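Worksheet for the structure shown next.
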C-alpha cells in the first residue's frame, strides 16, 4: 500500500511540475519583454529581407528609369549653358530652330536675371540629337543630362538645371535620374558601413 501511495504521490508531483513548467512558459510568452524581443527580431529579419529584395530589384540604372521623353520634347528640345559673374547654369528649353532657341534663352535669362539681353552669355547650344550623339548612357534620353565623361562612363550630370518648359516627361526624366543617383549613393554608403 505504501508503494502505491508513493507511486501516486510521485505521479502527482510530476504532473504538478509539468503544470508549473507550462504555466511558466505561458507567463513568459505573455510578458512584455518576450513580445519586445520577438518584435525586434522580426524587424531585424524583415529589414535584412527588404535590403536583399531592393538589391535584387534595383541592380542597374535602367531599373528605375521608366519615363520616355515625349515626341514634342524629342523634336524641339535644346540645352544651352549660361554664364554670368555668379557662375554658370544649364538651361533646357523648347524651340523650333537653333536661332529660335538662342533668342528664347537670351530673352528669358535676361528677364530672369534682370540684365540686358546683350549681357547674356550663352554657349554650348545643342539640340537633343546632338546631345544623344555625344552621350554615353545606355538610356539615350539620359544623355541630355550628361555634362562630363571619364572614358565610357559619365563623371558629371546636370545639377540644378533651369527648365524653360513645362514638359512633364523632361521633368520626370530628370527627377528619375536624381532619384536613382541618390539610391546608388545610399546603397554605396550602406555597403561601406557593412564592411
Two pseudo-spin positions, 7 Å from Cα along C-beta at residue 70 and at residue 100, lie apart in nanometres by 1.5
Using eta = 1.567 mPa s and T = 4 °C, Stokes-Einstein with Kirkwood Rh from Cα pairs puts D for the stretch 71-192, in µm² s⁻¹, at 84
For residue 147 and residue 121, extending 7 Å from Cα along the Cα-Cβ vector and measuring point to point gives, in nm, a value of 1.7
Binned at 10 Å starting from 0, the alpha-carbon pair-distance distribution of the stretch 132-193 in whole percents comes out as 19, 47, 28, 5, 0
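Only the coordinates and a few stated rules stand behind these numbers; no lab work does. A quick note: this is a predicted structure, and the numbers were derived from the prediction, not measured. All Cβ positions, glycine included, derive from the backbone under ideal geometry; neighbour counts span all protein chains shown.
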